[in-house]
Amino acid sequence: MTKIKLMLAAMTMMMTATTLNAQDKKLFSLEDLNFGGKNYANLRPQNMWLTWWGEQLIQTEVEACYTIDTKTGKKTQLFTLDEVNQWAGSDDTKFVRHLMNASFPYPNKSIVKLGNRKAVILLDFKKKQIVWQDSLSGQLANDWHATSRATAYVEDDQLYVVDGAGKKHQLSVDGSREIVYGQSVHRNEFGISKGTFWSPDGEKLAFYRMDQRMVTDYPQVDIFPRNAQNEPDKYPMAGMTSHVVTVGVYDLKTDNIVYLQAGDPTNRYFTNISWAPDAKTVYMFELNRKQNDCRLVAYDATTGAKIAELYRETSDKYVEPQNPIVFLPWDNTKFVMQSQKDGYNHLYLFDKNGKELKQITSGKWVVMEVLGFNQKDKSVVIASNELNPLQCNLWAVNINTGKRTLLDNGKGVHHGVLSASGAYLYDKRQEPTISNAIEVTNTHHPTPITLLKAADPWEAFQQPIFENGSIKAADGTTDLYYRMVKPHDFDPNKKYPTVVYVYGGPHAHNVDASWHWASRSWETYMAQKGYIVFILDNRGSENRGRDFEQATFHQLGQIEMQDQMMGVAFLKTQPYVDMNRLGVHGWSFGGFMTISLITNYPDVFKVGVAGGPVIDWKWYEVMYGERYMGTPQDNPEGYAKSSLISKAKDLKGKLQIITGYNDNTVVPQHCLSFLDACIKAGTQPDFFAYPGEEHNMRGHASVHLHERITQYFEDYLK
């Protein structure tokens, strides 16, 4: 009996300690959770900054760089910040401020590339001296080539190249806000993120020239000067006149420029520029304005003459090139191309004349990225969701046999970076319960060495419950994946106010097998305040194949709403969800979805917060808008069905609309037009604008934004 009493007493003490520990846990604030918050950096998972020096793995830190043995994980100091500044021989002891961005551009040379706001240097850390310096372009440099050591950059709207000897070459004289050189074009669609492209030898530069004089200005206003100033954006809207792009090629040796002879560039898109290994040929994908006819074309880099059309792909909906072709490092006569022509994004092998030799990968899964090649094994290293639609795993795929070798643990979401030859890979991964783990492995015989397994940075805080599951789409067959975030002290016998967070648009997803099932920190903040948050990836979102994404073609918002309402039907079956207190929130496409849902289902959703919402697709940009909706002239029914102007009269619940006052992505015309429609209909939304902010709130303004969103639900849903 005494033993039983002692055991009961011990159990009571343990339960009390557990309760006290839970009670002692901290509460989150938005300063902790939001990226603009003052304490956000301290609550991020531990990380390592890594790069490759040939086959040697390097860790870069603020004060030093270290080598890491890829077989043992042993770390050895390579050099320190103080040594670098001493070797640089500058009077300024802080010539280099930190080593986080150090890179090692030459696999077989002991040279590190460093920079500050005045110069870029190459430092030989064995000889302990600067071997090269570019003091002309400095931090303006946006495209440096290791072989020629030439730098392309834009300054005062003009495109320049500084060659390896330090001579400055001006490539344009008519650059302006209307004629744009060397920068991203087509509003960053089609995988475009920059505007200059060096040849493999660094002796030629392909570059974009965008003439947008014919494009209508959208009248943005800078309110901060005493007299507010006009700062218009060039914004081509669906069905209206778009800009004209051409591609030039500059030759460093001859100081000559030619333009690719692609024909009339009007109503065409040029994208995914790449080079032949011998630097004699330029390749690019060319797309018509309807975006249903895509062609891969080769051009002579010396004359600009068209050589041949190598490949053509058409569709009754759209073709969307996202990646340039890549030549095999061991065979300059063959290249790999990505296409989802069989329904999923896969790899195809072609010869340089455009003959398709084979399909390298296949299956009802998506190649998400090509990391590079293992040259010895003659394999291509990819990231894919073959194992699970929610995962991203790394594979080596033999080009000849198609055999796939898994390079990671088969779980979670992985991001890999290859060494110079592709023999080694460092891999940063997350799993639902792992915030960050880093491993290095051999890509021939994967034998991972763990470099880091981060502790839970939220250990000291009360954390919500993160759950994941699937439901069927409105078609009754397609699996849709969701995340549910519940309060840490969730009681299934209680009823909770619930917020549906939605995005729903193309080229994005909300749910995957990363930490906390990819939960946004704001969801934790809401769960802490006693809400359940539900997130569902509907048809139209990414990484599920062509038909899954193209289900929304010409009718944006319709299929997406049907699927989101299947999510609502699922919530109705959960006894702890208070269906009388159901809210909805989203930003951008998610703002469009928020207003769509609260006006189409006014008796379901009681409160909504819509950020940066598209209201009518005729006011959205040409490239994105016409891909999914066509033009207002060609698809009037689809535009009318998706427009929210006519839905203003159906608003019954509380709706707050938020916008960046200077949003240049979803211009303020959208939300202001909806407000006007509400005034005419007699409905009463609320409205808030962030002066000087664009499509997403930057810095600490984001903390203010998320507190405002939260408070709206606190005021009207709870």
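The values are calculated or read from the model by the stated rules, or taken from the named source; none is laboratory data. Just so it is clear, the model here is predicted, and its values are computed rather than measured. Cβ atoms come from the backbone with ideal geometry, glycine included; neighbour counts cover every protein chain shown. Accessible surface areas use protein heavy atoms only, side chains included; no ligands, DNA or RNA. Shrake-Rupley method; radii C 1.70, N 1.55, O 1.52, S 1.80 Å.
Using alpha-carbon positions, what is the distance between the centroids of segment 289-357 and segment 225-252, in Å?
Cα centres, segment 289-357 to segment 225-252: 28 Å.
With only alpha-carbon atoms in the gyration tensor, what are the semi-axes of the equivalent ellipsoid for segment 175-228, in Å, largest first? Show your work: numbers first, answer last.
Details: eigenvalues 188, 32, 26 Å².
Here the semi-axes work out to 31, 13, 11 Å.
Antiparallel as a % of all DSSP beta bridges within the chain, to the nearest 5?
Numbers: 133 of 159 bridges.
Bridges in the chain are about 85 percent antiparallel.
List the chymotrypsin sites (Phe, Trp or Tyr not before Pro) in segment 36-132 that DSSP assigns to loop (not H, G, I, E or B) and whose Cβ has at most 15 other Cβ atoms within 10 Å. Which are they?
TRP49
For segment 592-640, just run the numbers: alpha carbon Rg, then divide by 2.2 N^0.38 Å, N being how many residues it has.
Values: Rg = 12.8 Å, N = 49, 2.2 N^0.38 = 9.7 Å.
It is 1.32.
Grab the DSSP H runs of the chain that are 4 residues or longer, score each as -39,500 (n - 2.57), total them, divide by all residues and round the 222 nm result to the nearest 500 deg cm²/dmol.
Details: 11 runs with 119 residues, N = 718.
Computed ellipticity for the chain at 222 nm equals -5000 deg cm²/dmol.
Placing +1 at every Lys and Arg Cβ and -1 at every Asp and Glu Cβ, with all other atoms neutral, what dipole size does the chain have around its Cα centre, in debye to the nearest 20?
Values: 76 positive and 81 negative charges, 287 e Å.
With Lys and Arg at +1 and Asp and Glu at -1, about 1380 debye.
Taking only C-alpha pairs under 8 Å that are 6+ residues apart, what is the relative contact order of segment 628-718 in percent? Don't jump to the answer; show the numbers that get you there.
Numbers: 87 pairs, mean separation 27.7, N = 91.
In percent, rounded to a whole number, it is 30.
Subtract the Cα-Cα distance of LYS127 and GLN463 from 0.36 nm times their separation in residues, and report this length gain in nm to one decimal.
Working: separation 336, 0.36 × 336 = 120.96 nm, distance 5.18 nm.
Length gained, LYS127 through GLN463: 115.8 nm.
What are the radius of gyration and Dmax of segment 516-654, computed over its Cα atoms and given in Å?
Considering segment 516-654 through its Cα atoms, Rg and Dmax are 15.7, 48 Å.
Please list, short to long, the whole-number percent of alpha-carbon pairs of segment 449-592 in consecutive 5 angstrom bins beginning at zero.
Cα pair-distance distribution for segment 449-592, in percent: 2, 9, 19, 21, 19, 13, 9, 5, 3, 1, 0.
Rounded to whole Å, give me the distance from the Cα center of segment 495-538 to that of segment 670-718.
So the two Cα centres are separated by 19 Å.
Above 15 Å lies some portion of the pair distances; for segment 64-155, what is it as a whole percent of all C-alpha pairs?
Values: 2558 of 4186 pairs.
When all Cα pairs of segment 64-155 are counted, 61 percent exceed 15 Å.
Suppose R0 equals 60 Å. What FRET efficiency, 1/(1 + (r/R0)^6) with r the Cβ-Cβ distance, do TYR106 and ALA640 give to the nearest 0.05?
Details: r = 59 Å, r/R0 = 0.99.
Efficiency, from the Cβ-Cβ distance: 0.50.
Expressed as a whole percent, how much of the Cα-Cα distance distribution for segment 298-414 exceeds 24 Å? It would help to have the intermediate numbers written out before the result.
Values: 2037 of 6786 pairs.
Beyond 24 Å sits 30 percent of the P(r) for segment 298-414.
Report the accessible area of GLU542, computed with a 1.4 Å probe over the heavy atoms of all protein chains in place, in Å² rounded to the nearest 10.
40
Rounded to the nearest 10 Å², what accessible area does GLU189 show when all protein chains are kept and the probe is 1.4 Å?
30
Between segment 94-148 and segment 589-648, what is the C-alpha centre distance in whole Å?
Centre-to-centre distance over Cα atoms comes out at 48 Å.
Over segment 572-622, with every protein chain in place, what whole percent of the accessible area is carbon and sulfur at 1.4 Å, could you tell me?
Numbers: 600 of 1210 Å².
Using a 1.4 Å probe with all protein chains present, segment 572-622 comes out at 49 percent carbon and sulfur.
Only loop residues by DSSP count here, and only those with at most 15 other Cβ atoms within 10 Å; note down the chymotrypsin sites (Phe, Trp or Tyr not before Pro) in segment 246-355 that meet that. Write out the running numbers ahead of the final one.
Values: sites: TYR250, TYR259, TYR269, PHE270, TRP275, TYR283, PHE285, TYR299, TYR311, TYR318, PHE327, TRP330, PHE335, TYR344, TYR348, PHE350; in loops: TYR318, TRP330, TYR344.
When the chymotrypsin sites (Phe, Trp or Tyr not before Pro) of segment 246-355 are filtered for loop state and at most 15 Cβ neighbours within 10 Å, TRP330 remain.
If I ignore ligands, DNA and RNA and count only protein heavy atoms, how much of MET240 is accessible to a 1.4 Å probe, in Å² to the nearest 10?
That residue has around 90 Å² of solvent-accessible surface.
Counting only protein heavy atoms and a 1.4 Å probe, tell me what percentage of segment 38-113's accessible area is made up of carbon and sulfur. Write down the numbers at each step before the final one.
Numbers: 1830 of 4240 Å².
The value for segment 38-113 is 43 percent carbon and sulfur by accessible area.
What list of ³J(HN,Hα) values in whole Hz, one per residue of segment 376-388 in order, does the Karplus curve 6.51 cos²θ - 1.76 cosθ + 1.60 (θ = phi - 60°) give from phi, with Gly and Pro shown as x?
5, 7, 6, 10, 9, 9, 10, 10, 8, 10, 4, 6, 6
Students often get this wrong, so try it: which of (i) 42, 36, 27; (ii) 51, 31, 24; (iii) 54, 36, 27 is semi-axes √(5λ) of the Cα gyration tensor in Å as calculated from the structure shown?
Structure-derived value, by its label: (i).
How are the alpha carbon pair distances in segment 521-568 distributed across 5 Å bins from zero to the largest one, expressed in percent?
5, 20, 21, 16, 14, 12, 9, 3
How big, on average over all directions, is the shadow cast by the Cα convex hull of segment 231-355, in nm²? Each step should come with its number before you reach the end.
Numbers: hull surface 40.2 nm².
The directionally averaged projection comes out at 10.1 nm².
Return, ordered by residue number, the residues of segment 679-713 whose backbone nitrogen is under 14 Å from a label point located 7 Å along Cα→Cβ of ASN188.
Within reach of a label on ASN188, which here means backbone N under 14 Å from a point 7 Å along Cα→Cβ, segment 679-713 contributes 694-698.
Over segment 265-408, with every protein chain in place, what whole percent of the accessible area is carbon and sulfur at 1.4 Å, could you tell me?
Numbers: 2540 of 5800 Å².
Its accessible area is 44 percent carbon and sulfur atoms.
Taking only protein heavy atoms into account and a 1.4 Å probe, give the accessible area per residue of the chain in Å².
Working: 30960 Å² over 718 residues.
Roughly 43 Å² per residue, with all protein chains present.
What does the highest-first list of 499-505, 42-48, 656-662, 115-121 look like by mean Cβ count within 10 Å? It would help to have the intermediate numbers written out before the result.
On the way: 499-505: 26.6, 42-48: 13.4, 656-662: 21.9, 115-121: 17.0.
With the highest mean Cβ count within 10 Å placed first, the list reads 499-505, 656-662, 115-121, 42-48.
Write down the Kirkwood hydrodynamic radius of segment 55-111, to one decimal in angstroms, obtained as one divided by the mean of 1/r over all alpha carbon pairs. Before the final figure, lay out the partial values.
On the way: mean 1/r = 0.0822 Å⁻¹.
Radius from the Kirkwood sum: 12.2 Å.
Mind putting together the pair-distance distribution for segment 365-466? All Cα pairs, 5 Å bins, whole percent per bin, short to long.
Here the calculated profile for segment 365-466 is 2, 13, 23, 22, 16, 10, 6, 4, 2, 1, 0.
Report the equivalent ellipsoid semi-axes for segment 577-718 in whole Å, largest first, defined as the square roots of five times the eigenvalues of the gyration tensor built from alpha carbon atoms.
Working: eigenvalues 112, 78, 32 Å².
Over the Cα atoms of segment 577-718, the semi-axes work out to 24, 20, 13 Å.
Taking every pair of alpha-carbon atoms in segment 135-245, give the share separated by more than 17 Å as a whole percent. The partial results should precede the final answer.
Numbers: 3714 of 6105 pairs.
When all Cα pairs of segment 135-245 are counted, 61 percent exceed 17 Å.
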